[in-house]
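Reviewing the structure listed below.
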Amino acid sequence: LEALESEVRKKVDMSTVKDMIDKSIVGKLKEGNENIAQASEDIKEFRESEARRNNIIVFKAKEPESLAEDGKGEDLEFVSEMCEIMKTNPKSVKSITRLGKINKEKTVTAGPRPMKIVFDDAKSKAIFMSNLRNLSTAEAKYKGVSVVHDMTMKERQLNKEQIRMAKEKNDGNESGDFIYVVRGPPWERKIVSVKVKK
């Protein structure tokens, strides 16, 4: 009888052990697949970010009346003049593209389509972005224009969250001597304090 009980106990133990091993293997495989999927997403995100590294997006730049080739010439002239304002060589601009569908009805609510500018290299873009303050003293057609980095969806979400956090910090800042803003390229955005000129 004791021998039979011992044998039964061994079988139960082996069954439990086997079950534990099976669960462990399934868990490891699942974890491995999740890690592979995450790595694949990270690589995809990195490649997309790299592809946008030398790009900027310009908002509220007046769109040419003409939809033909001469309209593209007007955009080229606008960007060339803006490069001069930003102390950047206009020849460093690789391409200019209006994003989105053409607003044929010219409805006011739609506004001008954003403009994507691609530079030949990161240095030219960096010079351009470092001189954005020059827009404040430029002629009227540049006054309402805003310029941002060309970001991936993930980078835009992170940037939006950082802007929200900076706003919260500013709401709680009673000194008025400085404000919190979000600065830096898409892959290195951070909240910094900037002294307010009085």
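The values are calculated or read from the model by the stated rules, or taken from the named source; none is laboratory data. Quick caveat: nothing in here was measured; it's all calculated off a predicted structure. Don't worry about glycine lacking a Cβ; one is built from the backbone with ideal geometry, like all the others, and counts go over all protein chains shown. Remember, those area values only see protein heavy atoms, side chains included, never the ligands or the DNA or RNA. Shrake-Rupley method; radii C 1.70, N 1.55, O 1.52, S 1.80 Å.
In table form, for the structure just shown:
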read-out	value
Accessible surface of the stretch 45-198 [probe 1.4 Å, protein heavy atoms]: carbon and sulfur percent	55
Cα gyration tensor shape of the stretch 116-178, rounded if a/c is under 1.5, else prolate or oblate by comparing a/b with b/c	oblate
Simple spin-label estimate for PHE46 and ASN89 in nanometres, 7 Å along Cα-Cβ	3.1
For the stretch 49-198: accessible area per residue (Å², 1.4 Å)	66
Accessible surface of ILE36 - all protein chains present, 1.4 Å probe, nearest 10 Å²	110
Contour excess over end-to-end distance, with Cα ends at ILE163 and SER146 and 0.36 nm allotted per residue	4.5 nm
Listed pairs LYS91/LYS143; LYS62/LYS169; LYS72/LYS160; LYS44/LYS167; LYS116/LYS143 exceeding 28 Å between Cα atoms	LYS62/LYS169; LYS72/LYS160; LYS44/LYS167
Size of charge dipole - the stretch 128-179 - debye, nearest 20, with Cβ of Lys, Arg +1 and Asp, Glu -1, no other charges	240
ILE127 accessible area, 1.4 Å probe, all protein chains in place, Å² to nearest 10	60
